[in-house]
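See below for the structure under consideration.
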Amino acid sequence: MLAAGPADDSAIPSDVAGLRDELLSVRAELSGLREAMSRRAVIEQAKGVFMERYGVDDEGAFTRLVTLSQSTNVKLVQVAADVVARSGVAGSENGRGNWIDRALDGFGEPALVFSPVPTERGAVADFQVDHANRAAVRWTGRPRDRLLRATASSLYPGSAASLLVSACRRALATGTLVTAPWPAADDEDGSDAASARSVRMRALRISTVVLVTWQTLATANSDPDVG
C-alpha cells in the first residue's frame with residue numbers, strides 16, 4: 001500500500017481551505033494579542049514601580065520609561081522588564097536581587113550596580129544604587145540597606161559625585177567601558193600615602209544599568225580622564 005503523500009491544496013474543497021486559512025489567521029491574531037497583553041502588563045508594572053519610587057503620576061512614570069529607552073537604545077518593553085525584575089515585583093520573592101548580590105560578592109573589588117534616574121524632560125539626572133557587594137559595603141563604611149536606593153550624588157561629595165555621574169552617563173550612552181582615576185580622600189593634603197597608591201574606577205553598561213567597580217593599584221598611574 002502506498003503511503004499517503006502530503007496534502008494537496010487543490011484536492012481540498014474551497015470551503016474547507018477557506019476555513020483552514022481563517023483558523024490560521026485567528027491563531028496568529030490571538031498570538032499577537034497575547035504578546036501585546038504581555039508587553040502591556042510588564043510596562044504597567046514598571047510604571048507602578050516608577051510611580052512609587054519617584055512620586056509621579058501615570059504619565060510621568062511612562063515618560064521616564066520612554067526616556068530611559070531612548071537613552072539606552074533598548075526597546076521599551078525590555079526596559080520595563082529590567083525595571084520590574086530589579087524591583088523584585090515579578091518572579092521570585094526578591095526578584096533578581098539575591099543572585100546578583102551573590103555574584104557581586106564574588107568580586108574582590110568594591111562593586112555597585114547603578115540604575116539611571118530619568119527625568120520627565122528627557123535627561124538622566126542621577127544614578128541610584130540597586131546592588132552593592134560586601135567589598136563596597138566595607139569601602140563606603142555604610143550598611144548595605146543604606147546603600148540601596150542611595151544616589152551617586154549623595155554617596156560622594158563634590159567632584160567625586162560629578163565624576164561618577166559623568167562616567168555612568170558615558171557608559172550608559174555608549175555601551176563602552178569608561179575608566180577614570182578616582183580621587184582618594186587623602187589626595188587633598190598631598191601626603192606620601194596618597195602618592196603611593198591610585199584608585200581606578202571602571203563603569204560598564206549591562207543592559208539598562210551600569211556596573212561600577214573600583215580597583216586600588218599599588219603605585220600611581222597616569223590614567224586618562226573619563227572617556
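The values are calculated or read from the model by the stated rules, or taken from the named source; none is laboratory data. Everything quoted here is computed from the prediction, not taken from an experiment.
Consider the stretch 46-70 and keep the residues that are of a type in the set (Gly, Ala, Ser) and under 14 Å from the mean Cα position of the chain (by Cα). The one that is modelled with the highest pLDDT is Ala46. Does at least one position in the stretch 118-134 carry a residue that is more than 15 Å from the chain's Cα centre (by Cα), assigned to a helix (DSSP H, G or I) and not acidic (Asp, Glu)? Looking for residues that are more than 15 Å from the chain's Cα centre (by Cα), assigned to a helix (DSSP H, G or I) and not acidic (Asp, Glu), one finds at least one in the stretch 118-134, hence yes.
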